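The values are calculated or read from the model by the stated rules, or taken from the named source; none is laboratory data. Note that this is a predicted model, so its numbers are computed, not measured. No Cβ is skipped: glycine too gets one built from the backbone with ideal geometry, and neighbour counts run over all protein chains shown.
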Amino acid sequence: METCQTLPALRAATARLRAAGRRIAIVPTMGALHAGHIALVAAARQHADAVVTSIFVNPLQFNPNEDLSRYPRDEAGDLAKLREAGCDIAWLPGVEVMYPPGAGTTIEVTGPTAGWEGDARPGHFRGVATVCAKLFLQSGADVAAFGEKDWQQLQVVTRMALDLDIPTRILPVPTVREADGLAMSSRNRFLSADERARAPLLIAAMRRAAGTIAGGAPVAEALATETEALAREGFQPDYLALVDGPSLKPLAAIQPGPMRLLAAARLGSVRLLDNIPVG
Ligand code: PAF
């Protein structure tokens with residue numbers, strides 16, 4: 001696996017791959033890699049001949065209330081995992097490489113950024129869209145793998161690539177879960193033992209809500225019941241909502257098109273995020 005820290009090094013490495021006729025996939029990450037990220041690398045490999053994985057903790061997507069310095073970092077461990085997963089290039093830009101002094105361009109996506117994480121984390125999707133556009137253009141990737149775990153992010157990045165005519169195809173990859181159902185996330189390591197034991201109650205509540213809604217129960221009632229159940233278990237639910245899959249517009253009743261149940265809830269100091277298909 002080649003490691004690149006400068007743009008000329010990345011460009012030279014990807015040019016060699018292209019000259020050899022190899023299609024390139026990128027897996028954008030912020031490091032602290034777990035099995036969910038490795039599943040992205042595996043999926044990317046199935047759709048391209050070479051995989052670039054970026055590790056960059058993007059300051060632009062953290063708002064002032066969020067602690068960027070608390071984000072977990074483990075570069076040596078990450079590189080070992082990527083090597084084992086068969087990644088071809090690790091792209092490790094520093095902040096000054098990604099945002100050189102004087103950088104003044106950001107990308108504002110409307111539509112799927114509205115509501116949910118867009119409300120909870122103002123400016124977050126501007127940072128995500130900007131860094132993802134840069135990663136696609138830096139790598140010239142044919143394909144980019146994103147986890148369905150961050151459903152809104154997946155829709156925002158898809159919209160952005162479409163709107164800017166960036167020829168990188170967005171590949172959605174199903175959420176990887178622990179044996180007890182908890183969606184894998186770099187932030188799970190901040191759960192205490194007691195919180196970790198209770199964390200799967202979130203997906204359990206979501207599955208119950210999805211089941212009763214798909215079975216014809218009134219949507220608002222099903223969501224309220226499970227929101228209350230989570231609060232009783234010590235969660236601070238932010239939202240539990242039925243939405244249209246691609247647009248993320250809230251749904252008051254089931255529809256024939258794709259639907260998603262979204263949830264965000266705080267447990268201790270950790271904000272858990274999850275989503276599942278409905279119907
Ligand atoms: O999902 C993430 O880890 C980040 O939002 C991403 C896509 C790597 C952009 O920084």
*For the range 165-200, which residues satisfy the criterion of being part of a loop (DSSP other than H, G, I, E, B) and within 16 Å of the ligand (Cβ to nearest atom)?*
I166, T168, P174, T175, V176, M184, S185
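Can you say whether I166 is over 30 Å from R11 (Cβ atoms) and crowded, with 17+ Cβ neighbours inside 10 Å, as far as the supplied structure shows?
no
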*Taking the stated definitions as given, is M206 more than 14 Å from the chain's Cα centre (by Cα), under 19 Å from E117 (Cβ atoms), within 12 Å of the ligand (Cβ to nearest atom) and modelled with pLDDT of 95 or more?*
no
*Just for the range 101-113: of the residues that are at negative phi and among the small types (G, A, S), which one is surrounded by the fewest Cβ atoms within 10 Å (Cβ to Cβ)?*
G104
*asked:* Of all residues being in a loop (DSSP other than H, G, I, E, B), touching a strand residue (DSSP E or B) at 6+ places or on another chain (Cβ under 6 Å) and away from the ligand (no atom under 11 Å from the Cβ) in the range 127-164, which is farthest from L92 (Cα to Cα)? Just the residue, please.
replied: E148
*Can you tell me which of G94, G140, G147, G118 is under 24 Å from V243 (Cβ atoms), in contact (Cβ under 8 Å) with a residue 60 or more places away in the chain and not charged (D, E, K, R)?*
G147
*Given the conditions (1) crowded, with 16+ Cβ neighbours inside 10 Å; (2) in a helix (DSSP H, G or I), which single one is not true for D119?*
(1)
*asked:* From the list R73, R121, exactly one residue is in contact with a Gly (Cβ under 8 Å, 6 or more places away or on another chain) and within 16 Å of the ligand (Cβ to nearest atom). Which is it?
replied: R73
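Answer yes or no as to whether I89 is under 14 Å from the mean Cα position of the chain (by Cα), under 23 Å from R11 (Cα atoms) and of a type in the set (A, V, I, L, M). Can you show your working first?
On the way: under 14 Å from the mean Cα position of the chain (by Cα): no; under 23 Å from R11 (Cα atoms): yes; of a type in the set (A, V, I, L, M): yes.
The answer is no for I89.
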